[in-house]
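Structure first, commentary second.
The values are calculated or read from the model by the stated rules, or taken from the named source; none is laboratory data. Everything numeric in this text was worked out from a predicted model, so none of it was measured. With ideal geometry, Cβ positions are generated from the backbone for all residues, glycine too; neighbour counts draw on all protein chains shown.
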């Protein structure tokens, strides 16, 4: 069980990286394309290579995610996707075409997300470690 959790965390981080990259690609592609103010512009956006790439990355991320939740509790896996908030903020800040600001209060929020996801991961790892311990034969049952 513990190995499954650790492997799943690694795969979840890959999902986060794919989702982050997808968001940044979509935004850069739409910045290049311009505002969408009609149905024809909406459909035209799907012809932009960065938009197509962004959706493809989302698709790959989704396939990976369903593989992960087939192995671990969704209540464990899904909160890790919140790390995408952090990745997107950093990616949008660092991307030369976006250079979005990250105000101090947003930094606090992103830090709280990181702490929350870390606590969920630690709790699940402890649970897996406890479940892997062999029970002593003849030991008194817990009350």
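Condition first: surrounded by 13 or more Cβ atoms within 10 Å (Cβ to Cβ), out of contact with any helix residue (DSSP H, G or I) (no Cβ under 6 Å at 6 or more places or on another chain) and at pLDDT below 95. Now tell me which residues in the stretch 58-78 satisfy that.
Of everything in the stretch 58-78, just one residue is surrounded by 13 or more Cβ atoms within 10 Å (Cβ to Cβ), out of contact with any helix residue (DSSP H, G or I) (no Cβ under 6 Å at 6 or more places or on another chain) and at pLDDT below 95, namely 78.
Of all residues in the stretch 96-125 being in contact (Cβ under 8 Å) with a residue 40 or more places away in the chain and not in a loop (DSSP other than H, G, I, E, B), which is surrounded by the most Cβ atoms within 10 Å (Cβ to Cβ)?
Per the criteria, the residue is 124.
If the Cβ limit is 9 Å and pairs must be 6+ apart or interchain, which residue in the stretch 5-16 that is surrounded by fewer than 17 Cβ atoms within 10 Å (Cβ to Cβ) pairs with which residue that is at pLDDT below 85 and part of a helix (DSSP H, G or I)?
Every condition considered, the pairs that remain are 6/125; 6/128.
Condition check: closer than 25 Å to residue 117 by Cα and under 13 Å from the mean Cα position of the chain (by Cα). Does residue 54 satisfy that?
The answer is no for residue 54.
Given the conditions (1) touching a helix residue (DSSP H, G or I) at 6+ places or on another chain (Cβ under 6 Å); (2) in contact (Cβ under 8 Å) with a residue 12 or more places away in the chain; (3) surrounded by fewer than 17 Cβ atoms within 10 Å (Cβ to Cβ), which single one is not true for residue 55?
With (1) touching a helix residue (DSSP H, G or I) at 6+ places or on another chain (Cβ under 6 Å); (2) in contact (Cβ under 8 Å) with a residue 12 or more places away in the chain; (3) surrounded by fewer than 17 Cβ atoms within 10 Å (Cβ to Cβ) applied to residue 55, the lone miss is (1).
Surrounded by fewer than 14 Cβ atoms within 10 Å (Cβ to Cβ), free of Cβ contacts under 8 Å to residues at least 24 places away in the same chain, farther than 19 Å from residue 119 by Cβ and over 13 Å from the mean Cα position of the chain (by Cα) - does that describe any residue in the stretch 79-95?
Checking the stretch 79-95: at least one residue is surrounded by fewer than 14 Cβ atoms within 10 Å (Cβ to Cβ), free of Cβ contacts under 8 Å to residues at least 24 places away in the same chain, farther than 19 Å from residue 119 by Cβ and over 13 Å from the mean Cα position of the chain (by Cα).
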